[in-house]
1. Considering 349, 396, which residue is within 30 Å of residue 167 (Cβ to Cβ) and modelled with pLDDT of 85 or more?
2. Would you call residue 26 surrounded by fewer than 17 Cβ atoms within 10 Å (Cβ to Cβ) and either more than 28 Å from residue 51 (Cα to Cα) or modelled with pLDDT under 85 (or both)?
3. Can you name the residue in the range 69-100 that is more than 29 Å from residue 449 (Cα to Cα) and touching a Leu at 6+ places or on another chain (Cβ under 9 Å) and, of all such residues, is surrounded by the fewest Cβ atoms within 10 Å (Cβ to Cβ)?
4. Looking at this structure, is residue 245 of a type in the set (A, V, I, L, M, F, W, C) and out of contact with any strand residue (DSSP E or B) (no Cβ under 8 Å at 6 or more places or on another chain)?
5. Check whether at least one residue in the range 322-337 is at pLDDT 95 or above, surrounded by fewer than 21 Cβ atoms within 10 Å (Cβ to Cβ), touching a Phe, Trp or Tyr at 6+ places or on another chain (Cβ under 6 Å) and within 23 Å of residue 369 (Cβ to Cβ), and report yes or no.
6. Hey, among the residues in the range 36-68 that are more than 22 Å from residue 87 (Cα to Cα), of a type in the set (D, E, K, R) and touching a strand residue (DSSP E or B) at 6+ places or on another chain (Cβ under 8 Å), which one's modelled with the highest pLDDT?
7. Which residues, taken from the range 246-284, are hydroxyl-bearing (Ser, Thr, Tyr) and modelled with pLDDT of 95 or more?
8. Determine which member of the set 63, 120, 128, 48 is closer than 19 Å to residue 160 by Cβ, surrounded by fewer than 16 Cβ atoms within 10 Å (Cβ to Cβ) and among the hydroxyl-bearing types (Ser, Thr, Tyr).
Amino acid sequence: MNSPKKSPQISLHIPPKMWHQFYRAMSDARTTNEEVIGFLFCKRHQLSKQKIRYLPQAWVVPSPDCYERQSTSGLVMKQQFHQYLIETFLEKEKLDVVHIHTHSECGRPEFSGIDDRYESEYAQFLSSQFKKKPRLISGVFDETLQHSQFRIWDRKGKSFESINCSQSWFELTQEANPRNETEPMFARQQVFGEQVQKQLGELTVALIGCGGIGAIFAELLGRLGVKKWVLIDPDRLEAVNLNRLPAATQKMASQQWYKVHYVKHLIKRIYATGSCVKTIPASITDESAKQEVAAADLIVVATDNHSSRQVTQELALAYMRPLVCLGTHIEMQPNNTPRMYGRVTVPPLGGGWCLMCGNIINLHRAALESAADEINHLAARVGYLDGIGDPAVFWLNSLCASTGVGVIHGLVSGFLNVDNGLDWIYEFPGSNWLKTNPDHLGTCGCYFCGG
């Protein structure tokens, strides 16, 4: 007897900054009317056979003059406005539709019989009028815009299923389970709440770069409670790495362990059971690595080259995944005293500015690093690329990694708001923390993020 086919897990993930803009527009539209309507237009990402994510690319909240009728008994858009939406977002951009409306009630709203009939007809219309056959997702909110339900219709408009909608940085469970007790290991973290610890345990982190910064980062975030990892790095351990990799040994280096296997070893020392660690000893350009990154809850890049950071940022933008970039730099001044920097950068989720338009990634260096070997050798000979690895020390890497872990803890806990992005630089020996104004990082019309 065949088991019933399992339905895929479908989610709608709205970036916090976009959600706040949409929320304000919906709230403003309610000042004179009981019910309002709004639209999100989404790209569909098939992450696996069992996981589909819809990512909004644009939103529209109609002004009062766009309605044919607007009252508690129903909402009807003018034909001209509806045609504008179709031509702009469905025919030209080929996006799927999220239709959101409000009900004049407080608490968890329910879809009405009128909603069922209207949405069924609209789903059939979308399927019959367009070659791509856009899907219809619908959402209903109460009058406070705090409580909601979402569902997705089949293309025939005959049936629907409930889906999860997240308006936060991470698609994690928001409801605490009172039966789950805090593990003794995390007893001294209870001040942040049991729900925060549960979410840390659910978080899947894709770490690109498992060297001097990445290894320390994994050790620290693992001990905070993160148990699900995807580790990506093509390199093997060498003796030159041993001064800055916790618990790495000469034996590991002589046996040429892959760095991803070494970091997995670190995490498994913390969690003998209950952890899930996938290792990909390959570049971020590898297709299997890209697929795992797209499905992760959080991307962390801790590599020492611009090319891998560029590819990682492009993936984060394409799949709307939160990104944390970690890096350090040491330079010697003419008087032979060092200047050292640690940098933690978090671009805003969903665009606004990115590592490229903020010049945090040098695109010239990235192009040379990803060029063919003969071009790379030529560039090195004429001085465009250094012939030796950048200097690095354990304590500076530790400062950068621990700050990155603190930022992620703040994101999950909610005590740190980075909706507009974050760029912090630590300078030593001056011991100065420099915080870049995110408003200055965007580039109008950025090729990558459109910031």
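The values are calculated or read from the model by the stated rules, or taken from the named source; none is laboratory data. As the structure is a prediction and not an experimental result, all values here were calculated from the model. Note that each Cβ is placed from the backbone with ideal geometry, even for glycine, and that neighbours are counted across all protein chains shown.
1. Details: 396 fails: within 30 Å of residue 167 (Cβ to Cβ).
Going through 349, 396 in turn, just one is within 30 Å of residue 167 (Cβ to Cβ) and modelled with pLDDT of 85 or more: 349.
2. Working: surrounded by fewer than 17 Cβ atoms within 10 Å (Cβ to Cβ): no; either more than 28 Å from residue 51 (Cα to Cα) or modelled with pLDDT under 85 (or both): yes.
Considered against the rule, which asks whether it is surrounded by fewer than 17 Cβ atoms within 10 Å (Cβ to Cβ) and either more than 28 Å from residue 51 (Cα to Cα) or modelled with pLDDT under 85 (or both), residue 26 comes out as no.
3. Restricting attention to the range 69-100, the residues satisfying the condition of being more than 29 Å from residue 449 (Cα to Cα) are 69-80.
Cutting the leftovers down to touching a Leu at 6+ places or on another chain (Cβ under 9 Å) gives us 69, 77.
Details: 69: 10, 77: 18.
Applying the filter and picking the extreme gives 69.
4. Details: of a type in the set (A, V, I, L, M, F, W, C): yes; out of contact with any strand residue (DSSP E or B) (no Cβ under 8 Å at 6 or more places or on another chain): yes.
Yes.
5. no
6. Within the range 36-68, the match that is modelled with the highest pLDDT is 53.
7. Start the filter on the range 246-284 by keeping residues that are hydroxyl-bearing (Ser, Thr, Tyr), which leaves 249, 254, 258, 262, 271, 273, 275, 279, 283.
Result: 249, 254, 258, 262, 271, 275, 279, 283.
8. Working: 63 fails: closer than 19 Å to residue 160 by Cβ; 120 fails: surrounded by fewer than 16 Cβ atoms within 10 Å (Cβ to Cβ); 48 fails: closer than 19 Å to residue 160 by Cβ.
The unique qualifying residue is 128.
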